[in-house]
Structures are given as structure tokens and as C-alpha cells.
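The values are calculated or read from the model by the stated rules, or taken from the named source; none is laboratory data. As the structure is a prediction and not an experimental result, all values here were calculated from the model. As a convention, Cβ positions derive from the backbone with ideal geometry for all residues, glycine included, and neighbour counts pool all protein chains shown. Quick note on the areas: whole protein, heavy atoms, side chains included, nothing else; ligands and nucleic acids left out. Shrake-Rupley method; radii C 1.70, N 1.55, O 1.52, S 1.80 Å.
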Amino acid sequence: YSSLHEVSNSQFRRYRASQQGLGSHPIVGVSWLHAIGFCNWLSKLEKRTPFYIIEDNRFKGVNEQADGYRLLTEAEWEWLARKSGRKSQTTFPWGDESTVPPKAGNIADESANGITRFYVPNYTDGFTRLAPIGSFAAEPSGLYDLTGNAREWVHDVYSVQPPKPGVVFTDPLGPRVGSGNVVRGSSWRSGTRTTLRSAYRNGEINAADDIGFRIGRYM
């Protein structure tokens with residue numbers, strides 16, 4: 001299962017009351033550890049087995065048999081953004097056309113000129129920075145905001161080591177060794193074709209004002 005929306009400030013405040021920001025906006029500015037902490041808190045609230053093993057505020061591992069909440073894996077995120085609900089795999093969440101269609105999502109539009117390094121000319125989404133969750137139509141997968149608004153922490157450790165030729169992974173949880181964690185998707189700061197592609201990925205160690213997360217769990 002995947003949540004339809006990114007986790008909001010109002011939802012996160014139930015876990016950490018000090019969280020700032022408009023309740024309808026996606027949570028940003030939280031670390032990967034805080035994101036998985038929220039997952040475990042919600043799991044315990046619903047009497048589910050926590051997925052993450054956290055000791056002394058440090059990540060120690062996972063319980064792969066748990067029915068509790070977790071971050072989406074990188075493989076799950078990309079499948080949802082590129083293939084789910086589509087006849088074939090696409091380059092962007094909206095399709096293969098490099099021109100951004102109207103109201104595709106909250107990205108660096110004309111209003112971001114002078115705020116972000118790059119912006120998309122002749123595109124207006126109505127928001128300069130973050131937008132309320134669900135402000136744009138659902139994408140083919142049925143999920144919201146896979147394009148823009150906030151980039152998303154996913155479960156995987158970040159690595160650029162490719163798999164061995166011919167090796168196929170089924171529902172992978174990612175490599176065991178890497179630097180930081182993977183962030184997927186675009187945000188209100190994204191203004192290039194490269195950063196808007198569904199396949200775009202980068203590794204982050206610290207929180208940022210355009211990184212949030214959504215949650216999922218095994219059935």
C-alpha cells in the first residue's frame with residue numbers, strides 16, 4: 001500500500017507537536033530519521049509491528065516481516081511514477097512529452113524566476129513555493145504530487161554502484177551500504193527537464209526545505 005498524498009504538517013504534528021508550517025502543506029525540513037520515526041509511531045498507534053529498528057535515536061535495521069508503516073522503496077516509487085496506471089513506461093510522471101502540460105504539478109514556474117536557479121518558462125502553476133496537498137489532479141497511478149511540491153525521502157541507502165549484469169531484483173529494499181539516503185521526485189524548486197524526469201534521483205544526508213515523504217506498508 002502507498003499513501004495517496006505526502007504526509008502533511010498537521011499529520012506530522014500529532015507525532016511532533018513543535019512542527020511548524022501550514023497544516024495543509026506537505027511536511028518538509030525533516031531528516032530521514034525523523035521520517036522513519038513517524039512511520040514507527042504511526043505503526044504503534046495502530047497496533048502494528050514497527051518496520052524500523054531504532055535504538056538510541058539511531059537506525060539499526062528493519063523487520064521485513066512487519067506490517068507497520070515505512071517509507072516507499074526506491075523501486076516502488078519509480079514504478080508508481082513511471083509505469084503504474086500507464087500502458088507503457090514513461091519518461092515523466094505525465095508522459096513522454098518534454099513540454100510540461102498545464103497544471104502538471106507545483107514546480108519552479110514563472111513565479112520562481114529569481115528565487116530558484118532554474119525555472120520553467122511559460123508555465124504557471126499558481127504557487128511560488130509549497131502548495132496545499134492535493135492541489136493538482138491525481139496522476140495515472142492514482143497518487144498526488146509525484147510531480148513537484150516536495151521531493152520525497154525513500155527507504156533506500158544511496159549508492160551509485162550498478163547491479164551485476166543479468167541480475168534481477170524482486171521488490172528490493174536497496175543496498176546495505178551507501179552514503180545518505182535516496183530522495184526521489186521533483187519539488188517547487190525543480191525547473192529543468194533532468195530534475196523533472198521520473199528517473200531522477202539523488203542522495204541526501206540532511207533535511208531540506210523541499211524534502212518531505214509519503215508512507216506505505218506491506219499488505
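Touching an Asp or Glu at 6+ places or on another chain (Cβ under 8 Å) and modelled with pLDDT of 95 or more: is that true of LEU80 in this structure? For LEU80, the condition - touching an Asp or Glu at 6+ places or on another chain (Cβ under 8 Å) and modelled with pLDDT of 95 or more - is not met. The residues listed here are GLY148, GLY126; of these, the one that is open to solvent by less than 50 Å² (accessible area, probe 1.4 Å), modelled with pLDDT of 95 or more, out of contact with any helix residue (DSSP H, G or I) (no Cβ under 7 Å at 6 or more places or on another chain) and on the phi > 0 side of the Ramachandran plot is GLY148.
Out of GLU110, GLU139, one residue alone is more than 17 Å from the chain's Cα centre (by Cα) and open to solvent by 20 Å² or more (accessible area, probe 1.4 Å). It is GLU110.
One line per residue, one yes/no per condition, for (1) within 18 Å of the chain's Cα centre (by Cα); (2) among the β-branched types (Val, Ile, Thr); (3) under 19 Å from LEU72 (Cβ atoms); (4) outside any loop (DSSP other than H, G, I, E, B):
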| position | (1), (2), (3), (4) |
| --- | --- |
| PRO132 | yes, no, no, no |
| LYS164 | no, no, no, no |
| VAL168 | no, yes, no, no |
| LEU173 | yes, no, yes, no |
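Highlighted here are the helices (runs of 4 or more DSSP H) found entirely within the stretch 1-97 that include at least 1 residues which are among the polar types (S, T, N, Q) and free of Cβ contacts under 8 Å to residues at least 60 places away in the same chain: 9-13, 32-45.
The number of residues in the stretch 138-159 that are in a loop (DSSP other than H, G, I, E, B) and touching a Lys or Arg at 6+ places or on another chain (Cβ under 7 Å) comes to 1.
Among the residues of the stretch 182-212, those identified as assigned to a loop (DSSP other than H, G, I, E, B) and in contact with a Leu (Cβ under 9 Å, 6 or more places away or on another chain) are GLY185, SER186, SER187, TRP188, SER190, SER198, ASP209, ASP210. Please specify each residue of the stretch 6-22 satisfying the condition of being in contact with a strand residue (DSSP E or B) (Cβ under 8 Å, 6 or more places away or on another chain) and either open to solvent by 30 Å² or more (accessible area, probe 1.4 Å) or modelled with pLDDT under 95 (or both). If the condition is that a residue be in contact with a strand residue (DSSP E or B) (Cβ under 8 Å, 6 or more places away or on another chain) and either open to solvent by 30 Å² or more (accessible area, probe 1.4 Å) or modelled with pLDDT under 95 (or both), then no residue fits. Being of a type in the set (S, T, N, Q), assigned to a loop (DSSP other than H, G, I, E, B) and surrounded by 17 or more Cβ atoms within 10 Å (Cβ to Cβ) is the requirement here; does SER179 meet it? No: the conditions fail for SER179.
Applying the criterion of being under 30 Å from PRO121 (Cβ atoms) and of a type outside the set (A, V, I, L, M) to the residues of the stretch 66-83, the residue that is least open to solvent (accessible area, probe 1.4 Å) is TRP77. A Cβ distance below 9 Å, combined with a sequence gap of six or more or placement on separate chains, defines the contacts here; from the stretch 151-162, residues that are among the small types (Gly, Ala, Ser) reach residues that are open to solvent by 40 Å² or more (accessible area, probe 1.4 Å) and modelled with pLDDT under 90 in the pairs SER159/PRO175; SER159/VAL177; SER159/GLY178; SER159/SER179. Taking (1) of a type outside the set (Phe, Trp, Tyr); (2) touching a His at 6+ places or on another chain (Cβ under 6 Å); (3) not in a loop (DSSP other than H, G, I, E, B) in turn, SER111 satisfies each apart from (2).
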